[in-house]
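Below is one structure, written out as structure tokens, with a few remarks after it.
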Amino acid sequence: MKSARYAVLGDIHGNWEALSTVLADAAEQGVTEYVSVGDVVGYNADPAACLEKMRELNCVVVRGNHDHYCSHEESLHDFHPLAAKVISWTRDQLSEEQIEYLRQLKMHVSMDGFTLVHSTLDMPDHWGYVFDSLEAEAHFNYQHTSVCFYGHTHVPVVFDKLGRVTRRDTEMLKIEIGHKYFINVGSVGQPRDGDPRCAYVIYDTEAKTVEFRRLTYDLATAQAKIREAGLPERLAERLAIGK
Ligand code: ZN
């Protein structure tokens with residue numbers, strides 16, 4: 001197994017200001033590889049630019065629910081009206097070729113001793129939300145690597161296979177042999193844990209550490225673009241409160 005420093009990016013959601021801040025930080029931190037737990041698009045105003053950046057970085061991306069619904073002509077009636085409106089808007093921003101890129105994304109990927117999934121490995125296409133250890137339990141039966149990264153809730157958190165929960169904001173997690181970790185990397189483009197700073201993690205496969213990073217970014221520009229695009233005002237407001 002080669003040693004590498006991975007930036008694990010989740011729920012970018014078309015927020016270019018947040019993504020470029022994270023990528024600048026990752027470069028400074030000596031990151032060598034980029035992977036993503038999905039939802040590159042949806043909610044914010046720059047879906048195409050964010051998607052193209054992922055491709056330029058050769059980033060391994062798994063499919064999020066927004067990536068799925070923006071690339072499949074399926075009914076949006078299960079969606080919150082806000083989300084449904086943005087999904088239609090996002091579809092219109094993407095070229096056929098970009099939609100095809102989203103359409104071929106895999107539901108989960110295992111590589112270099114870890115796994116990427118947007119929601120859970122037990123039923124990845126049900127888009128279940130894992131907020132607590134009970135919800136993580138079914139998932140662990142399908143996790144065959146010591147580390148699995150996920151997203152979807154936009155709340156960074158770590159579960160181990162014993163069901164212990166630990167919040168690890170801007171802290172270092174040491175991966176211990178024999179443990180299994182299900183790690184939510186938080187959201188680059190729309191944090192929902194009450195902290196508006198963008199979130200991602202750096203996984204160092206040699207040091208066996210997972211570092212949670214939080215960064216302030218140019219929120220005002222991201223908000224201005226949402227308003228200019230005519231997207232719901234609530235989407236601009238929520239960025240400022242991190243909810
Ligand atoms: Zn999301």
Dipole of region 5-241, positive direction: furthest Cα of Leu235, Asn141, His80, with charges on the beta-carbon:
Asn141
Which cross-chain or sequence-distant (5 or more) residues have an amide H under 5 Å from the amide H of His179, H modelled 1.01 Å from N in plane?
none
Of Tyr181, Tyr129, Tyr69, ordered by accessible area with the largest first and a 1.4 Å probe, the sequence is Tyr129, Tyr69, Tyr181
Over 29 Å between Cα atoms: which of Lys53/Lys225; Lys53/Lys208; Lys174/Lys225; Lys53/Lys106; Lys106/Lys161; Lys85/Lys106 fall into that group?
Lys174/Lys225
One would report the antiparallel percent of DSSP beta bridges in region 5-241, rounded to the nearest 5, as 65 percent
Under the Karplus relation 6.51 cos²θ - 1.76 cosθ + 1.60, θ = phi - 60°, what is the ordered set of whole-Hz ³J(HN,Hα) values for region 122-132, x standing for Gly and Pro?
6, 9, x, 8, 8, 6, x, 9, 9, 9, 9
If unit charges are put on Cβ atoms (+1 for Lys and Arg, -1 for Asp and Glu) and the dipole of region 5-241 is taken about its Cα centre, the option from Thr216, Ala27, Pro47 lying farthest towards the positive end turns out to be Thr216
Show the residues, 5+ positions off or on another chain, whose built amide H is closer than 5 Å to the amide H of Leu173.
Val210, Glu211, Phe212
For a quick check of your reading of the filter: which trypsin sites (Lys or Arg not before Pro) in region 82-170 sit in a DSSP loop and have no more than 13 other Cβ atoms within 10 Å?
Arg164, Arg167
Scoring region 1-61 by relative contact order with C-alpha pairs under 8 Å, at least six apart, yields a percentage of 43 percent
Averaged per residue, the 1.4 Å probe accessible area of the chain, protein heavy atoms only, in Å², is roughly 42 Å²
Highest-fluctuation residue, Cys148, Cys59, Cys198 considered, GNM on the chain with Cα pairs under 10 Å:
Cys59
With +1 assigned to the C-beta of every Lys and Arg and -1 to the C-beta of every Asp and Glu, and no other charges, what is the dipole magnitude of region 5-241 about the Cα centre in debye, to the nearest 20?
400 debye
Here the longest stretch of the chain that holds no GluC sites (Glu not before Pro) in a DSSP loop having at most 16 other beta carbon atoms within 10 Å is 75-170
Taking springs between alpha-carbon atoms closer than 10 angstrom, which of Pro47, Pro124, Pro156 fluctuates most in the Gaussian network model of the chain?
Pro124
For Asp125 and Gln104, calculate 0.36 nm times their separation in residues minus their Cα-Cα distance, and state this gained length in nm to one decimal.
6.1 nm
With springs only between Cα atoms under 10 Å, which of Leu102, Leu231, Leu57 fluctuates most in a Gaussian network model of the chain?
Leu57
Once normalised by the length of the chain, the mean sequence separation of its alpha carbon contacts under 8 Å that are 6 or more apart gives a contact order in percent of 23 percent
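The values are calculated or read from the model by the stated rules, or taken from the named source; none is laboratory data. Keep in mind that this is a model prediction, so the values were computed, not measured. Ideal geometry is used to build each Cβ from the backbone, glycine not excepted, and the neighbour counts take in all protein chains shown. Protein only, heavy atoms only, side chains kept; ligands, DNA and RNA dropped before computing areas. Shrake-Rupley method; radii C 1.70, N 1.55, O 1.52, S 1.80 Å.
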